[in-house]
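The values are calculated or read from the model by the stated rules, or taken from the named source; none is laboratory data. This structure is a prediction, so every number in the text was calculated from the model and none was measured. Counting neighbours? That spans all protein chains shown, and the Cβs are built from the backbone with ideal geometry, glycine included. Ligands, DNA and RNA are stripped out before the accessible areas are found, and what is left, the full protein with its side chains, is counted by its heavy atoms. Shrake-Rupley method; radii C 1.70, N 1.55, O 1.52, S 1.80 Å.
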Amino acid sequence: MESLTLISQSRSLSISPNLRILSSPNVSSTFIPKDVPYFKTQFLKLPGMATRNVIVSAAMTEKPWKRYTGGDAKGFVDEMRLVAMKLHTRQQAQEGEMEAKAPEEQRVEEWEPTLDGYLKFLVDIKVVYDTLEQIIEKPSFPSLLRDIECMGCGADGEFRNTGLERSEKLAKDLKWFEEKGYGVPEASSPSVAYAKYLKQLSEKDPQAFICHFYNIYFANTAGGRIIAKKVAEKILDSRELELYKWDGELSQLLQNVRDKLNKVAENWSREDKNRCLGETEISFKFYREIVRLMLS
């Protein structure tokens, strides 16, 4: 299953029509889902490129913590949760404020997943988890290393071996499908683009990277489990995948990570926190591109 971890950089990449190029103030030219809102154009010269017009995401420049949290947050993790919940559709969550426009934004009970599509989803989400876990395990960048070591709070503050890691679990699931005779596809452009974005973000902006770390892992334990149950009932004879099994009490694993994230954020400026919150919408858009594969 090692071949599923990351696609070779030399392989040609077919870009999904739902992705477009964006360059942010912190990340060089990369791929962002096209429905992330944009409103400001800047004239920048990117490394190794001619001067060009660059679109800056509204998520980078607006103040979502003011729009979404309403001053009710208790700790920075709660700020991230409040922002994330408001970005759900009204059909998906009581706190959601978005209108459902695409099939994957409707209530999961209304979905019509396919087995081929679900395999695509599993392969692509594995690329994302592989990337996150490789970055956390061997950070190459001092600023990110400092953050994942909880600003010097020692081994207990590390984000390694939290119990939320999913790569090995996904490898077991994909092996099971292979043994049953199903063809496991190669990763597609949404996950390759997201992996590239995460790598660049971890180099340039560790605070923003932490937003993706939080949303990816915590989404899998919440809405991800609801989706998995409904999809399994429809196409897997209710089989529970390893992806949705944790070693230990899940609530305690999540609380441990919440505590570490809150500890890290204590050392951040308000500007750092705002920049992190501003990544939530980008995280959602990338993730929805991958979830959409279930319905293909």
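A few points about this structure:
- Probe 1.4 Å - accessible area at THR114, Å² to nearest ten: 50
- Residue order for TRP111, TRP246, TRP176 - accessible surface, 1.4 angstrom probe, largest first: TRP176, TRP246, TRP111
- Ranking LEU122, ALA265, GLY278 by how far each Cα lies toward the positive end of the dipole of the stretch 76-294 (charges on Cβ) leaves GLY278 at the top.
- 31 Å Cα-Cα threshold exceeded, pairs from LYS172/LYS263; LYS86/LYS199; LYS86/LYS260; LYS138/LYS230: LYS172/LYS263; LYS138/LYS230
- Point-charge dipole on Cβ atoms (K/R +1, D/E -1) for the stretch 76-294, about Cα centre, debye to 20: 160
- Calculated FRET efficiency, LYS230 to VAL184, Cβ-Cβ distance, R0 = 35 Å: about 0.95 to the nearest 0.05.
- Protection proxy ranking of 180-190, 78-88 - average other beta-carbon atoms within 10 Å, highest first: 78-88, 180-190
- Here the Karplus relation 6.51 cos²θ - 1.76 cosθ + 1.60, evaluated at θ = phi - 60°, turns the backbone of the stretch 206-223 into coupling constants of x, 5, 5, 4, 4, 4, 5, 3, 5, 5, 5, 6, 6, 4, 5, 8, 10, x Hz, with x for every Gly and Pro.
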